[in-house]
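S.K.: Handing you this structure, nothing more for now.
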Amino acid sequence: MRRWAAVGLVGLSACAPEGASSQGQDISDLYRVFVYVAIGVGAIVYGLILWSAIRYRRRSDALPKQTRANVPLEIVYTALPILIVLGLFVLTFRVERDVDRVASEPALVVNVSGFQWGWRFEYPESGISVVSTPSEYPTLVVPAGETVRINLSSNDVIHSFYVPDFLFKRDTVPGQPNRFDLLIPEPGRFRGACAEFCGVDHGEMNFWVDALPATEFDAWIEERAGAS
């Protein structure tokens, strides 16, 4: 029985999305905690329903013994949900704090601006600018394993910087600069999009994020800086 329960938990955990960024991994771990807690609560609730249906099934027309109160039981089923909610709240607060924390000295700063209907990625330290074109989605190139500061802005309407593999999105609000840190442990290519409806060609506001090894990223910076 325990073996099958373990198999079920593993199967359910496989449904949890994996975060491709360090921040996304924290979010993914929190998601799993919520799933396991939900499984435990569901098992207790359905177990009690099944036990009550069997234990107190009708055996005769006589009225069963009536109980006015069970104070210890009432304290337990009141306190237990409160403790569960408090525990999940504390875990959520800690993850959100870690995800929102920004480093004092990031390895790279990229200014990301959304506009109708595309993206502009600017590297102020090297003078590089990558902008959407009608025929090509832009690529945000960052070094893998390094902390990258993303400064978000918008000059027209609200957009949203969203990469599904990072399990994270952040809005670009006109007149309200926004920022976050991004750390992608392993090299890879990830697709992003605007997740806030922003007009006619909202569906074309896609982009790519390329996390490159340090040497390849340095080579990319040299190539783009020389071409600009």
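The values are calculated or read from the model by the stated rules, or taken from the named source; none is laboratory data. Computed from a predicted model, the values in this text were never measured in an experiment. Glycine gets a Cβ as well: all are built from the backbone with ideal geometry, and neighbour counts include every protein chain shown.
S.K.: Can you find a residue in region 78-86 that is outside the structural domain of residue 194 (by TED's automatic domain parsing), of a type outside the set (D, E, K, R), farther than 28 Å from residue 27 by Cα and surrounded by fewer than 17 Cβ atoms within 10 Å (Cβ to Cβ)?
M.R.: yes
S.K.: Quick check on region 152-161: of everything there that is of a type outside the set (Phe, Trp, Tyr) and surrounded by 16 or more Cβ atoms within 10 Å (Cβ to Cβ), which residue is nearest to the chain's Cα centre (by Cα)?
M.R.: 160
S.K.: With the structure loaded, tell me whether residue 52 is closer than 30 Å to residue 162 by Cβ, in the same structural domain as residue 77 (by TED's automatic domain parsing) and of a type outside the set (Asp, Glu) or whether it fails that test.
M.R.: no
S.K.: Quick test for you: out of 193, 225, pick the one residue that is surrounded by 13 or more Cβ atoms within 10 Å (Cβ to Cβ), modelled with pLDDT under 90 and either at negative phi or not in a strand (DSSP E or B) (or both).
M.R.: 225
Conditions tested, residue by residue: (1) of a type in the set (D, E, K, R); (2) touching a strand residue (DSSP E or B) at 6+ places or on another chain (Cβ under 9 Å); (3) in contact (Cβ under 8 Å) with a residue 40 or more places away in the chain.
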position	(1), (2), (3)
108	no, yes, yes
122	yes, yes, no
134	no, yes, no
153	no, yes, yes
166	no, yes, yes
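S.K.: Which one of 96, 122 is under 15 Å from residue 161 (Cβ atoms), outside any loop (DSSP other than H, G, I, E, B) and of a type in the set (Asp, Glu)?
M.R.: It is 122.
S.K.: On to the next question. Check off (1) closer than 18 Å to residue 101 by Cα; (2) of a type outside the set (D, E, K, R); (3) assigned to a strand (DSSP E or B) for residue 185 and give me the number that stays unchecked.
M.R.: If we test residue 185 against (1) closer than 18 Å to residue 101 by Cα; (2) of a type outside the set (D, E, K, R); (3) assigned to a strand (DSSP E or B), just (3) comes out false.
S.K.: Any idea which of (1) modelled with pLDDT under 90; (2) assigned by TED's automatic domain parsing to the domain that holds residue 202; (3) surrounded by fewer than 13 Cβ atoms within 10 Å (Cβ to Cβ) is the one residue 126 doesn't satisfy?
M.R.: The failed condition is (3).
S.K.: Out of region 130-161, which residues are in a strand (DSSP E or B) and closer than 18 Å to residue 101 by Cα?
M.R.: 147, 148, 149, 150, 151, 152, 161
S.K.: Is there a residue being closer than 28 Å to residue 18 by Cα, in contact with a helix residue (DSSP H, G or I) (Cβ under 7 Å, 6 or more places away or on another chain) and of a type in the set (A, V, I, L, M) anywhere in region 121-141?
M.R.: Checked region 121-141: at least one residue is closer than 28 Å to residue 18 by Cα, in contact with a helix residue (DSSP H, G or I) (Cβ under 7 Å, 6 or more places away or on another chain) and of a type in the set (A, V, I, L, M).
S.K.: Let me ask something else about it. Could you list all residues from region 168-179 that are at pLDDT 90 or above and not in a strand (DSSP E or B)?
M.R.: 174
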